[in-house]
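Read the structure below first, then the notes.
The values are calculated or read from the model by the stated rules, or taken from the named source; none is laboratory data. Nothing here was measured: the structure is a model prediction, and the numbers come from that model. In this analysis, Cβ positions are derived from the backbone assuming ideal geometry, glycine residues included, and neighbour counts consider all displayed protein chains.
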Amino acid sequence: MRPSITHHTPTQQAINNHTRILSGNIEFGVSNTDQSKNIRGWHANGIVTPATANTIFAVPISLGYIPTHWYVEDISAAARVYRATTPWTLTDAYFACDTASVTVSIFIY
């Protein structure tokens, strides 16, 4: 006996895809070359902020587009990293930190 073939409507396909994704299949990856990553973004790991607080610093990126969002993944001290007023480009995102010489990892997307 042949197995029955199930045909899904586009709505059913979309629901199935969302269910698959929300069931733990979202991956940030652990590096910029991680093939399991399915969220497009840039890991900037181990960035040391300038020795003077509130100084703008650039984080090199290579996304192929100008990102608009970011979040701190890890930080070595009680500090606030914030987006600088310098416009972001295809190759750099600009930040500042209210505490000097903090090591920070940022995910930029």
Problem set entry | Flag if residue 33 is within 20 Å of residue 105 (Cβ to Cβ), at pLDDT 75 or above and not assigned by TED's automatic domain parsing to the domain that holds residue 103 | yes
Seminar exercise, completed: Of the residues in the range 2-17 that are surrounded by fewer than 10 Cβ atoms within 10 Å (Cβ to Cβ) and in a helix (DSSP H, G or I), the one that is modelled with the lowest pLDDT is 10
Exercise. Across the range 42-69, what is the number of residues that are on the phi > 0 side of the Ramachandran plot and either surrounded by 13 or more Cβ atoms within 10 Å (Cβ to Cβ) or at pLDDT below 95 (or both)?
Worked result: 2
Seminar exercise, completed: Within the range 18-30, residues being over 19 Å from residue 70 (Cα atoms), at pLDDT below 70 and in a loop (DSSP other than H, G, I, E, B) number 2
Exercise. Taking strands (runs of 3 or more DSSP E) that do not extend beyond the range 56-109, which have at least 3 residues that are assigned by TED's automatic domain parsing to the domain that holds residue 45 and within 14 Å of the chain's Cα centre (by Cα)?
Worked result: 70-75, 103-108
